[in-house]
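To start, the structure under review is shown below, and the notes come after it.
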Amino acid sequence: MTRPVFKRPVAWGMILACVSLLTAGCAKPDLNSQPMSVRPVVRFHQGETLHYLFTSHRSIEVQWDAQALAQGDKNAAQTMTETLTLRMAYEPVAVTPEKTVLKATCDSAVVKRSSLTGTRRAARDPVELMTGRSFVLVLDARGRITDANELDALLKELGTHAFRLNGKDRIKDQDMINDVVASQWFLWDAVTSMDPNVERPGDTWTSRLSVPTPMVLRKARDVTYTLADVNDMKATVDMTCVLSPDKAPRSWPIPYAGTFQASGTFGFIRGFKVLSLTGQGAEQFDLALGLSLGYEQTYHMELQGMIPFSMRVMPRILIDQTLSMTLEHTVSQGATDIGTK
């Protein structure tokens, strides 16, 4: 009987194919090749102090005569800038599964401002009086602020320093108190406002943030957050914002009381009407450490004003705003631990 002859190349090819399938089935999955199910959570550790740098910068252009400006008249518009640099330290003084008590201390607060005429204002901004001051915040298990009474009281105290008397009239000078509100009242909002159903990149949720401006306005931004990316235990949260059709909530701080007249150009212009507001931004969050590494938010805002007793002059105000937060470092038991920038 003739024995069958196997063609070795074919046999070995079949064996190699089987081995390849088996090893592929046992291969370690690439976690970055598919969306990860994540749940960013703000966490605090007693004895570990977080140090953040906040910056609020805006450029303002007042267009007195749009037609003349279009024709190249440089005197038809004026510009100015305002910048607040705020360094804050957050020390957890009590941490339980239900809540965290944070002691927030302002290490430094510096305001720089140019006027519409190009000169710099010498008077001290009330916000700079925050340097060395502390207040307590109480947060729930998700990191949402549930008690900010001491912050509210400090903001109202700063508000009293924004006024001066001119005869019997109370005159309010320009200040950046509402920029402090924008940074401190809404701490870690991108994560703490997250919908419980958010798990994967592409999921969205909504919130509402304040709108700091050089004039006295109580406006809000309607924000849409998106869990954009998760990579190497760091989450990126993107955001877009538009002007909210609703008034700012009454629960938000009101640093001023009584009747007053605003000084300068933004006291001379009246009847401000917001025409549009659009913005965007992004925040980086460390999932392993449970803390925000920082964010940057920008928005462009356009307003229309009016001059008393003049129906012809309707100035247009353009504001480009940037708000940012950066984790500078953390200090654990007196020694620098992580995050030094």
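The values are calculated or read from the model by the stated rules, or taken from the named source; none is laboratory data. No experiment lies behind these values; they were computed from the predicted model shown. Glycine also receives a Cβ, built like all others from the backbone with ideal geometry; neighbour counts cover every protein chain displayed. Quick note on the areas: whole protein, heavy atoms, side chains included, nothing else; ligands and nucleic acids left out. Shrake-Rupley method; radii C 1.70, N 1.55, O 1.52, S 1.80 Å.
Sorting the segments 235-245, 141-151, 162-172, 82-92 by their mean number of nearby beta carbons within 10 angstrom, highest to lowest, gives 82-92, 235-245, 141-151, 162-172.
Would you mind calculating the relative contact order of segment 168-286 from Cα pairs under 8 angstrom and at least 6 residues apart, reporting the percent as a whole number? Computed value for segment 168-286: 28 percent relative contact order.
Each other residue within a Cβ distance under 11 Å of Leu151 adds +1 if Lys or Arg and -1 if Asp or Glu, for a net charge of -2.
For segment 317-322, 3J(HN,Hα) computed residue by residue from phi via the Karplus equation (6.51, -1.76, 1.60; θ = phi - 60°) reads 10, 10, 10, 10, 10, 10 Hz, glycine and proline entered as x. Only protein atoms count toward the accessible area here, which uses a 1.4 Å probe; on segment 94-167, the carbon and sulfur part of that area reaches 53 percent.
Taking only the Cα atoms of segment 96-186, the ratio Rg/Rh comes out at 1.08, with Rh defined as the Kirkwood radius. Rounded to the nearest Hz, the phi-derived 3J(HN,Hα) couplings of segment 139-144 under the Karplus curve 6.51 cos²θ - 1.76 cosθ + 1.60 (θ = phi - 60°) are 10, 7, 5, 8, x, 6, where x marks glycine and proline. When nucleic acids and ligands are ignored and a 1.4 Å probe is applied, His45 ends up with an accessible area of around 90 Å². Couplings 3J(HN,Hα) of segment 284-291, computed from phi: 9, 10, 8, 5, 5, 8, x, 9 Hz, in residue order, whole Hz [Karplus 6.51 cos²θ - 1.76 cosθ + 1.60, θ = phi - 60°; x for Gly and Pro]. Amide H contacts under 5 Å for Arg208: Val223, restricted to partners 5 or more places along the chain or on a different chain, H placed in the peptide plane at 1.01 Å from N. For segment 220-314, applying the loop criterion from DSSP together with a ceiling of 13 other beta carbons within 10 Å to the chymotrypsin sites (Phe, Trp or Tyr not before Pro) yields Phe309.
Heavy-atom accessible surface of segment 196-313, averaged per residue, reaches 51 Å², computed with a 1.4 Å probe.
Charge tally around Met239: other residues with Cβ under 13 Å, Lys/Arg +1 each, Asp/Glu -1 each, net -3.
Distance cut-off 24 Å, Cα to Cα: go down the list Lys103/Lys172; Lys156/Lys247; Lys74/Lys172; Lys112/Lys156; Lys112/Lys172 and report the pairs above it. In this structure, Lys103/Lys172; Lys74/Lys172 exceed 24 Å between Cα atoms. For segment 219-317, the fraction of 1.4 Å probe accessible surface lying on carbon and sulfur atoms is 55 percent.
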